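Here the structure comes first, spelled out in structure tokens, and everything after it is commentary.
The values are calculated or read from the model by the stated rules, or taken from the named source; none is laboratory data. As the structure is a prediction and not an experimental result, all values here were calculated from the model. Positions of Cβ are generated from backbone atoms using ideal geometry, with glycine treated the same way; all protein chains shown enter the neighbour counts. All accessible areas refer to the heavy atoms of the entire protein, side chains included, with ligands and DNA or RNA removed. Shrake-Rupley method; radii C 1.70, N 1.55, O 1.52, S 1.80 Å.
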Amino acid sequence: MKKLFMLFSLPLCLLLGVPAQAAKQLEPLWQTADLPTPESVLYVADKKSPYLFVSLIDGQGDVVDSKGGIAKLTTEGEVIDKEWITGLNAPKGMALYKNHLYVADITELVIIDIEEEKVIEKIPVADSVFLNDVTVNSSGIVYVSDTRTNKVHRYQNGKVELYLDNVTSANGLKALGSNLVVGAGQELLLVDAKKNRLVIAKGFESGIDGIEMIERGEFIVSCWVGLVYYVHGDGRLELLIDSREEKINTADIGYDPTNKHLFVPNFFKDTVTAYQLK
């Protein structure tokens with residue numbers, strides 16, 4: 001592992017054997033309205049018919065009010081069930097493992113059985129304040145960030161424990177094998193199994209929100225204020241969306257790798273917009 005970490009000092013494109021890519025573009029496809037404060041979109045690659053989950057805060061992002069929920073949409077933006085799950089508070093990031101959907105909900109990690117379409121457990125996360133994003137690795141280990149305490153927690157074997165601390169404004173998460181990609185304020189970090197940290201990219205104009213891996217070593221990253229970037233393998237940032245002037249938020253994104261479709265929740269606009277990545 002020491003040798004692996006030494007390799008982390010190389011540009012990520014060289015480490016992963018990926019050449020730098022040409023300019024990218026996002027072409028609008030569709031937009032779905034009347035979704036109360038959408039914070040996160042999760043693409044579900046169902047074998048029969050892929051679909052989207054959208055977390056709906058429907059109120060303030062840090063208030064326990066039971067107004068939040070999860071909507072279900074087709075990948076073409078049609079609403080299947082706007083109230084697929086109700087009774088949450090301010091649900092944000094989501095991750096799916098087998099039949100369980102994991103949702104960050106202020107100070108709880110909520111587990112939903114997607115076949116039974118119901119909440120089966122709400123797990124309090126000790127000392128948490130503002131749980132934000134969730135990711136799960138191939139072994140079923142769940143990670144959840146707490147932005148206001150600068151921490152990342154881990155859930156496995158029925159228990160929650162502190163995994164990382166002193167992670168500036170910890171938000172976006174993406175599990176990659178035994179590694180974890182973390183949006184830490186205006187830096188994108190790679191954390192290995194030994195908890196060594198490497199800065200993949202920096203220079204984002206605002207705090208990172210959503211993270212999706214597009215190719216090996218390449219990512220699309222959103223910042224809530226209205227920024228979406230393509231992160232190339234050499235750490236270079238390419239700005240794809242800047243909707244700050246229009247006050248259109250770009251919160252926790254989802255991605256369909258088969259069709260290269262990006263799904264962006266627009267938060268205060270109560271919309272989700274889909275784009276074709278080119």
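Over the chain, give the accessible area per residue in Å² for a 1.4 Å probe, as an integer.
Ligands and nucleic acids excluded, the figure is 45 Å² per residue.
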Taking the C-alpha atoms of the stretch 100-159, convex hull volume expressed per residue in Å³: 74
Sulfur and carbon atoms: percent of accessible area, the chain [1.4 Å]: 47
Computed log₁₀ I(q)/I(0) - Debye formula, equal Cα scatterers, no solvent, the chain, q 0.08, 0.09, 0.10 Å⁻¹: -0.29, -0.37, -0.46
Relative contact order (%) - the chain, alpha-carbon pairs under 8 angstrom, separation at least six: 18
Percentage, to the nearest whole number, of Cα pairs in the stretch 124-232 over 17 Å apart: 47
Sparse-neighbourhood loop sites, GluC sites (Glu not before Pro) in the stretch 171-246 - DSSP loop, at most 11 other Cβ within 10 angstrom: 245, 246
Rg ratio (alpha-carbon, reference 2.2 N^0.38 Å) - the stretch 32-119: 0.99
Under 10 Å, Cβ to Cβ, from residue 163 - net charge with Lys/Arg +1 and Asp/Glu -1: +1
Virtual spin-label span in nm between residue 193 and residue 60, 7 Å along Cα→Cβ: 4.4
Structure-based [θ]222 nm, the chain - -39500 (n - 2.57) summed over DSSP H runs of at least 4, per residue, nearest 500: -500 deg cm²/dmol
